[in-house]
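What follows is a set of notes on a single structure, which appears directly below.
The values are calculated or read from the model by the stated rules, or taken from the named source; none is laboratory data. Predicted model, so just to flag it, every value in this text is computed and none were measured. Cβ placement follows ideal geometry from the backbone for every residue including glycine, while neighbour counts extend to all protein chains displayed.
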C-alpha cells in the first residue's frame, strides 16, 4: 500500500473523499439555519437564493483549493497551505483556529443537535449527555480502526443523503403546501444586496463549511492530483443542489412566522408533512444524520492535530500514531476540546464566530492561488483552477462582503473570533521564544 513521506498510508479513495466532504457540509447548519434567516428575511426567493449564492461561493473556493491541494499534497488543510504559501506563523495560526473553533466547536454543535432531535422524541433523554456519549463513541471507533472508521463514514453519509432526499421527495408530494412565489420582485432583488442578506450568508457559510474537507486529508488520498479536485467539485455541486431544494421544501411546508427563531426546522417540516408520529421517525433519522457529521469532523480534526505535532515540538505528542497509523493522541485531544465546547458553548454565537474565523482563513488560502502563480509560475500544477482569475476573485469578494457586515452587525462574535486569533499569535510567539532553550519550533512542510 502506498504511503506518504511521513509514513502515513494512503487509504482514502475518491468515494470516501467525496463522502467526507459531503458529510462535513450536510449537518447541523441546513437543518437549523432557516429559523435564524427568516428573522430578517421573509422573501422565499431571497431565502432560497441564499443557498444558491452560498453554493456558488463554496464552489469557487473548491475549484481554487483543488489547484493548491493537488500542487502541495500534504494533509493539514489551511495549516499546511498557508505555511507553504506565506509563512509558518500564519499556518500555525490557522492550525490553532482549526484545533479550537474549526472542528471542535462545530462537532459540539452537531452533538447538541443530535441530542435535541432525540430529545424531541424521547424527552427523558438528556441532550448534552447524549451528545457527549456520541462524541466519545465515534472518537473511539476512529481511534481503533481505519477500516471501521471509513465504513462508519460511508454508511452514515449514505443515510444522511438518503434522509435529505426523502425530505425533498416527500415535501414535493405533500398535500398541504404553503403558497410561496419564486418569481422575484424589485424588493426581492434589493434584499440580495442588503446587510441582512450578508449576515444571513454567515449561517449559510456555516452550513457549507466542509467543502474543503478533503484537503485536510490529502496526504491519505490515493492519486490526490486527480481525486482531490474531483472530490471537491462533486461534493460541492451535490450539496448545493440538495440545500437549495431542501430549503425550498421547508418553506413549502412550514409558514414563515412559525419558523422564526426555531432551531428544529427539520422536525417542524416533518410534522407538517406527515403528522406527529412520522415526524418522530424523521427526527430520529436526522439525529442519525448528525452521527455522520460528527464522524467526519472527528476524522479530519485528528489529522490536523497530527500534522501540527509533526511540525512543532511543543505539540509533538499529537503526532504520535498507533501501529495502525491512527493519530490516537490527536483524536483524544480533539475529543476533549469538543466536550469542553459541548458543555460551555452557545449554539448561535459559536456558529457565527467559528464561521467568521474559517472564512478569514479560507480567504487567505484562496488568495494563495494568485500568490503562487506569481511567485512560482513554473510549479507543477496537475490541476489548474477553472475560470482563473475570476473564480478566486468571486470567492474573495463575496467573503470580504460577508466579513465586513459581520463586524458591523455582530461585533461581539467578531471580537471573540479576533481574540482567538490573538491568543494563537501569542502562543506562536511564546513557543518560538522557547527555541532559545532548546525547544526549537520548525516547520517541516
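What the table below lists for this structure:
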| item | result |
| --- | --- |
| Residue 344, sole failed condition from (1) within 27 Å of residue 416 (Cα to Cα); (2) out of contact with any helix residue (DSSP H, G or I) (no Cβ under 8 Å at 6 or more places or on another chain); (3) modelled with pLDDT of 85 or more | (3) |
| From the options 69, 91, residue that is under 14 Å from residue 362 (Cα atoms) and at pLDDT below 85 | 69 |
| Test: residue in region 250-258 that is in a loop (DSSP other than H, G, I, E, B) and within 27 Å of residue 283 (Cβ to Cβ) | yes |
| Qualifying residue in region 172-182 (condition: in contact (Cβ under 8 Å) with a residue 60 or more places away in the chain, assigned to a helix (DSSP H, G or I) and surrounded by fewer than 16 Cβ atoms within 10 Å (Cβ to Cβ)) | yes |
| Among the residues listed as 189, 148, the single one being free of Cβ contacts under 8 Å to residues at least 60 places away in the same chain, surrounded by fewer than 17 Cβ atoms within 10 Å (Cβ to Cβ), part of a helix (DSSP H, G or I) and touching a helix residue (DSSP H, G or I) at 6+ places or on another chain (Cβ under 7 Å) | 148 |
| Residue that is at pLDDT 85 or above and either under 12 Å from residue 311 (Cβ atoms) or crowded, with 24+ Cβ neighbours inside 10 Å (or both), where the choices are 83, 98 | 83 |
| Residues satisfying the stated conditions in region 220-239, i.e. surrounded by fewer than 22 Cβ atoms within 10 Å (Cβ to Cβ) and either within 21 Å of residue 30 (Cβ to Cβ) or at pLDDT 90 or above (or both) | 233, 234, 237, 238 |
| Of all residues making up region 116-138, the number that are touching a residue at least 40 places away in the same chain (Cβ under 8 Å) and over 18 Å from residue 21 (Cα atoms) | 11 |
| Among the residues listed as 277, 330, the single one being farther than 19 Å from residue 133 by Cβ, buried (at least 22 other Cβ atoms within 10 Å of the Cβ) and free of Cβ contacts under 8 Å to residues at least 60 places away in the same chain | 330 |
| Selection from region 210-219 of residues that are touching a helix residue (DSSP H, G or I) at 6+ places or on another chain (Cβ under 6 Å) and either modelled with pLDDT under 80 or assigned to a helix (DSSP H, G or I) (or both) | 210, 213, 214, 215, 216, 217, 218 |
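Residues are listed down the side, and each one gets a yes or a no for (1) surrounded by 19 or more Cβ atoms within 10 Å (Cβ to Cβ); (2) out of contact with any helix residue (DSSP H, G or I) (no Cβ under 9 Å at 6 or more places or on another chain); (3) at pLDDT 90 or above:
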{"position": "386", "(1), (2), (3)": "no, no, no"}
{"position": "392", "(1), (2), (3)": "yes, no, yes"}
{"position": "396", "(1), (2), (3)": "yes, no, yes"}
{"position": "402", "(1), (2), (3)": "yes, no, no"}
{"position": "406", "(1), (2), (3)": "yes, no, no"}
{"position": "415", "(1), (2), (3)": "no, no, no"}
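Residues checked against (1) over 30 Å from residue 141 (Cα atoms); (2) touching a residue at least 60 places away in the same chain (Cβ under 8 Å); (3) part of a loop (DSSP other than H, G, I, E, B):
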site: 337; (1), (2), (3): no, yes, no
site: 354; (1), (2), (3): no, yes, no
site: 363; (1), (2), (3): yes, no, no
site: 366; (1), (2), (3): yes, yes, no
site: 370; (1), (2), (3): yes, no, no
site: 377; (1), (2), (3): yes, no, yes
site: 380; (1), (2), (3): yes, yes, yes
site: 384; (1), (2), (3): yes, yes, yes
site: 387; (1), (2), (3): yes, yes, yes
